[in-house]
Amino acid sequence: MVIGKLGVELLMDEEDIHKILNCIESLKRLVRSGWMMRGIPASIGESVASHSFEASLLSLIITAHLKNKGITVSPERTAVLALIHDVPECMVGDIPLKTSISIGELKEELELRKAGEIFGDTWILQLYIEYLEQKSLESKIARLSEKLSTAVESKRMISLGYVRVNEILESTMKEIENIMSGLDRDIRVQLEEYVRRIIDEE
């Protein structure tokens, strides 16, 4: 028995642990589709697990920055939201953006169903739902961090000569702007320079 941070018992039997380990292995091997569709070899393409790890660390430092500025936010919760946001892809794969748009809510419904199969009726599933709903500040920062990770990786690949990735960079920058515009003004003011520095670092 494992006690989650929210104080809810998380019961995992041998089958559950085996399922999680298989999922982790898949995410470590699964290269994000957007990179390969733009000519990046799988051998150097970013895996879903690598992306989630970077997004989680970015969310941690961003929320720590906000907390230091007096904003009420949980860096730990935000980091976990970013870490698990793509876990269902171990079962459904990394569906390309254009396909995601064409199938609409079907993608989210499918991934939510698979998240339930992976996590069961646990507090982790509730965190995943929190990320999808995008109501809490932590979920919004987790999503912002996920997009920042994509922007940073895009710039890395462009610097290696994969210029077709510029399409991903441009669309991701628009998504970052949209997320930022949806934040409260006080939070947006605290983040604008910080976010710019993360993007310009590459």
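Derivation of every value follows stated rules applied to the coordinates shown; laboratory data play no part. All of these numbers come straight from a predicted model, not from anything done at the bench. Positions of Cβ are backbone-derived with ideal geometry, glycine not excepted, and every protein chain shown enters the neighbour counts.
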Worksheet item: Could you give the dipole magnitude of the stretch 81-159 about its Cα centre, charging the beta-carbon of Lys and Arg +1 and that of Asp and Glu -1, in debye to the nearest 20?
Response: 400
Discussion item. About the Cα centre, and with charges only on the beta carbon of Lys, Arg (+1) and Asp, Glu (-1), how big is the dipole of the chain? Nearest 20 debye, please.
Written reply: 660
Worksheet item: What is the distance, in nm, between label points placed 7 Å from the Cα along the Cα-to-Cβ direction at Glu76 and at Asp121?
Response: 2.7
Fill in: Added length on full extension, which subtracts the Cα-Cα distance from 0.36 nm per residue, Thr99 to Ser181
26.9 nm
Practice prompt. Tell me which residues come under 5 Å, amide H to amide H, from Leu30 once H is placed; ignore anything under 5 positions away on its chain.
Written response: Val48, Ala49
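Please state the equivalent ellipsoid semi-axes for the stretch 71-139: what are the square roots of 5 times the Cα gyration tensor eigenvalues, largest first, in whole Å?
Gyration-tensor ellipsoid for the stretch 71-139: 22, 15, 10 Å.
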Practice prompt. Pop a pseudo-label 7 angstrom from the Cα along the beta-carbon direction at both Tyr194 and Glu15 and give the gap in nm to one decimal.
Written response: 4.4
Item to complete: Calculate, in whole percent, how much of the Cα-Cα pair population of the stretch 137-201 lies beyond 14 Å.
Response: 57
Practice prompt. With no solvent and one equal point scatterer placed on each C-alpha of the chain, evaluate the Debye formula and give log10 I(q)/I(0) for q = 0.12 Å⁻¹, two decimals.
Written response: -0.63
Worksheet item: What helices in the chain pass both tests, a Cα length along the helix axis of 27 Å or more and a mean Kyte hydropathy of 0.0 or higher, using whole DSSP H runs?
Response: 48-68
